[in-house]
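Here the structure comes first, spelled out in structure tokens, and everything after it is commentary.
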Amino acid sequence: MQLPAVFIDLTLEDQAQEIRKYLKGLGAEISEEKSAKGIEDDLHKICGVCDVCLKKDGNEEEIDAVLNSIVSIMVSISLERGENLILAFCEKLTKAPTIELSKVCLQSLWRLFNNLEATSPLRYHVYYHLVQVAKQCDQVKEVFTGLDELKSQFSQCPPSKEQMQKLYRLLHDVLKDTQCEVASKVMIELLGTYTDDNASHARDDAMKCIVTALADPNTFLLDPLLSLKPVRFLEGELIHDLLSIFVSEKLQSYMQFYKNHKEFVTSQGLNHEQNMKKMRLLSFMQLAESNPEMTFAQLKDELQIEESEVESFIIEVLKTKLVRARIDQNARKVHISSTMHRTFGRAQWQQLHDLLYTWRDNLTLVQANIKNIAQQQADNKNQGTINITTSAAKQRNY
């Protein structure tokens, strides 16, 4: 969404005066006269009351033109008190009373963001408020397209670690209900900004990260969370115990945990039925690692479902593409072709290492065999040529 600022054919001071008159006409407490202190003071006065135009119903084009005029002045002058001015303007635009007006405010903030110098630290403040407004009008996907893109936008003037932590928290909050998987990635990025020295201060962030990952129906590889420093500081607490169950234990362990700590699970905003569904899938993945063939009766006992529900459960598992399997309805069995490992630690790395070395050795053997065959064929061809030559010579002598 690249929207350029539109520049009006008036001096900046005259533009400011026209905006003053317009806002005063809407009832704003502002003088129509230019400030004796200069254009920057005009902007401060205008930004202090510019939200009055958001109370005018039904004329989004007119409001967009006014806000765009303010942006045009902002990006045309050198701001000595730029941070306070930008913050005041952005704060006003987060208070749009309707979705349509929020979209107008979003366009104005985009213009401001894109017309500030890439090296300007003020871009961070504009982007932060962009995310807030985007949430109000369901346009977050237009503003945030990924962590790599986010970092590239600030590559020439990186925000402070504290600023990025604040932004990551906001992004997690606006994404968690609609893009749970992306929200998890953002929270993991946030936790990665902490060090051994301050990891203990990230308790709330760590708990949010765990809850988001557990609630995400598409996140199944959870053991990387255990290595995050802030998460390690939660060892011994119920939330860490719950995460450990989702990482490596089976359905029965979760059911026992829920029985003992039902109120805790509910207080974290987690849905018990969704937890059960996810734990069944994780338990099945774990079973599939060591059981290439399982009976319906075995799955019924392990997953706490009726035998008549096994087929539909397997179909749901196959949709995730985490497991490849085939149902033998006549034999009442499930045959496993492959499965994603539920955890990927040292043992799994060693297994992958051994497998790759086996492939290398097999390929080396195949290459050697092909080389030998090729050499034998070449030798046979040469021998045939020699025999023919010798026979021809004998005939000539005869």
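The values are calculated or read from the model by the stated rules, or taken from the named source; none is laboratory data. This structure is a prediction, so every number in the text was calculated from the model and none was measured. As a convention, Cβ positions derive from the backbone with ideal geometry for all residues, glycine included, and neighbour counts pool all protein chains shown. Just so you know, the surface numbers come from the protein's heavy atoms only, side chains and all, with ligands and any DNA or RNA stripped out. Shrake-Rupley method; radii C 1.70, N 1.55, O 1.52, S 1.80 Å.
Here are the numbers:
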{"quantity": "Check on Phe284, under 13 Å from Leu242 (Cβ atoms), part of a helix (DSSP H, G or I) and over 26 Å from the mean Cα position of the chain (by Cα)", "calculated": "no"}
{"quantity": "Residue, most open to solvent (accessible area, probe 1.4 Å), within region 119-163, restricted to residues that are assigned to a loop (DSSP other than H, G, I, E, B) and farther than 29 Å from Leu54 by Cβ", "calculated": "Gln156"}
{"quantity": "Members of region 328-379 that are modelled with pLDDT of 85 or more, assigned to a loop (DSSP other than H, G, I, E, B) and surrounded by 10 or more Cβ atoms within 10 Å (Cβ to Cβ)", "calculated": "Ala331, Arg332"}
{"quantity": "Count of residues meeting criterion [among the acidic types (Asp, Glu), assigned to a helix (DSSP H, G or I) and either touching a strand residue (DSSP E or B) at 6+ places or on another chain (Cβ under 9 Å) or surrounded by fewer than 16 Cβ atoms within 10 Å (Cβ to Cβ) (or both)] in region 200-240", "calculated": "1"}
{"quantity": "Some residue of region 26-38 being closer than 26 Å to Tyr127 by Cβ, over 41 Å from the mean Cα position of the chain (by Cα), open to solvent by less than 30 Å² (accessible area, probe 1.4 Å) and modelled with pLDDT of 85 or more", "calculated": "no"}
{"quantity": "Every pair of residues 6+ apart whose Cβ atoms lie under 9 Å, when the first sits in region 174-192 and is without any contact (Cβ under 8 Å) to a residue 24 or more places away in the chain while the second is among the small types (Gly, Ala, Ser) and in a helix (DSSP H, G or I)", "calculated": "Asp177/Ala183"}
{"quantity": "Candidates Thr119, Thr94, filtered to the one that is of a type in the set (Val, Ile, Thr) and either without any contact (Cβ under 8 Å) to a residue 24 or more places away in the chain or in contact with a His (Cβ under 7 Å, 6 or more places away or on another chain) (or both)", "calculated": "Thr94"}
{"quantity": "Selection status of Leu112, surrounded by fewer than 18 Cβ atoms within 10 Å (Cβ to Cβ), in a helix (DSSP H, G or I) and either touching a strand residue (DSSP E or B) at 6+ places or on another chain (Cβ under 7 Å) or hydrophobic (A, V, I, L, M, F, W, C) (or both)", "calculated": "no"}
{"quantity": "Inter-residue pairs, beta-carbon under 9 Å, first more than 14 Å from Leu222 (Cα to Cα) and in region 273-285, second surrounded by fewer than 21 Cβ atoms within 10 Å (Cβ to Cβ) and charged (D, E, K, R), 6+ apart", "calculated": "Lys277/Glu316; Arg280/Glu302; Phe284/Glu302"}
